[in-house]
1. Could you list all residues from the stretch 18-48 that are at pLDDT below 95 and within 30 Å of residue 131 (Cβ to Cβ)?
2. Has the stretch 133-156 got at least one residue that is in contact with a helix residue (DSSP H, G or I) (Cβ under 9 Å, 6 or more places away or on another chain) and not in a helix (DSSP H, G or I)?
3. Show me the helices (runs of 4 or more DSSP H) entirely contained within the stretch 333-437 in which 3 or more residues are at pLDDT 90 or above and surrounded by 14 or more Cβ atoms within 10 Å (Cβ to Cβ).
4. Which of (1) closer than 30 Å to residue 223 by Cβ; (2) under 25 Å from the mean Cα position of the chain (by Cα); (3) assigned to a helix (DSSP H, G or I); (4) in contact (Cβ under 8 Å) with a residue 40 or more places away in the chain is the odd one out, the single condition residue 21 does not satisfy?
5. Looking at (1) within 29 Å of residue 351 (Cβ to Cβ); (2) not in a helix (DSSP H, G or I), which is the one condition that is false for residue 40?
6. Name the residue, out of 70, 29, that is loosely packed, with under 15 Cβ neighbours inside 10 Å and part of a helix (DSSP H, G or I).
7. Checking the condition outside the structural domain of residue 216 (by TED's automatic domain parsing), surrounded by fewer than 17 Cβ atoms within 10 Å (Cβ to Cβ) and in contact with a strand residue (DSSP E or B) (Cβ under 9 Å, 6 or more places away or on another chain), which residue from 278, 291, 268 passes?
8. Look at residue 250 and say whether it is within 30 Å of the chain's Cα centre (by Cα), modelled with pLDDT of 95 or more and either crowded, with 19+ Cβ neighbours inside 10 Å or not assigned by TED's automatic domain parsing to the domain that holds residue 152 (or both).
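The values are calculated or read from the model by the stated rules, or taken from the named source; none is laboratory data. Because the structure is a prediction, the values reported are computed rather than measured. Neighbour counts are summed over all protein chains in view; Cβ atoms, including those assigned to glycine, are modelled from backbone coordinates with ideal geometry.
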């Protein structure tokens, strides 16, 4: 496992580049997933624009205005943060030893922060002054939906992150009430479906406000959402952030965390009892619902079916003898199903399916309906071998993800059937009529 890019470069290339400690592996792949989704989303928006399904909106803007006090203040704040934290990490003594803790602490370089703020504000003033007119003018411009992708990414990232944190704390309520502030602002703990739901609500409002039919946007986003989820799971697998599966009782591990086939179930149970303190704390019990037996096949490596996540970013497990990776020196006592790996493969395949059929489906809403069904089914079945908090509802014990994924499948079925009856908003119908004429 590689908690951040420093350890990846050190292990693969023998390079010790301390600044790379700033870049968490999980965050790096999340950024990659956003970029990939933005690329596919832009392509789909442009295709729908060329087909006349989405059109431009005339907007009046004022040009030639000098920088306002708000512009200067905002840029000063952004420049201050960059100087105080990002540049400060290279200046403050010991900051590079644990950059994640430094970034989330109150420590920083005040002089560099002030300098960064002044430079950013000064640049904004210069930029505005360069195009300043003696008398500002109002001009009409045409903005296409594909021109708004930058705004969409920012809104989706902000609303998605907040939603992911909120739903994670709702799912782990007992942990949350013990330390509400700490859990809300911790670096770990994100729930994909929480992010998806909140980002969808925020973007629905944004597109409605800008008079863009949201159903076409949903169809355009569907392949990219699946791609982003698959790529984001690479970050979970590479960093070992805790999104792994239940124990695979067909395997055990040695003292270094290497996976070894168990000769019998008794051999596995013996290892489980030897680590009962850890697993009782993790699961609350040692019953058989926390493990399943599945041996490798088809010549695939054992780690494809059972993995101990050495050097994981959550510091979970027991110490690795002789490890020199600082705080990242633990591995799980017994191997688990690497569920992020399965989701990476599954979601990339499903992305290929959605991308291949996108041009063959003409009814608005149906591609998104298929996405909802595929996403829900994928997550529902992976939950069967994944560690997660379970609820007790009338004798049933579903996880939050199982409940939401079931709802998504049902919503996808309803949307697929109802798609022919969907009526576009009045402004969208008018645009399509104007385009066809």
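1. 35, 38
2. Yes, because at least one residue in the stretch 133-156 is in contact with a helix residue (DSSP H, G or I) (Cβ under 9 Å, 6 or more places away or on another chain) and not in a helix (DSSP H, G or I).
3. Hits in the stretch 333-437: 339-357, 366-382, 400-418.
4. For residue 21, the failing item is (1).
5. With (1) within 29 Å of residue 351 (Cβ to Cβ); (2) not in a helix (DSSP H, G or I) applied to residue 40, the lone miss is (2).
6. Working: 29 fails: loosely packed, with under 15 Cβ neighbours inside 10 Å.
Result of the check over 70, 29: 70.
7. Just a single option satisfies the conditions, and that option is 278.
8. no
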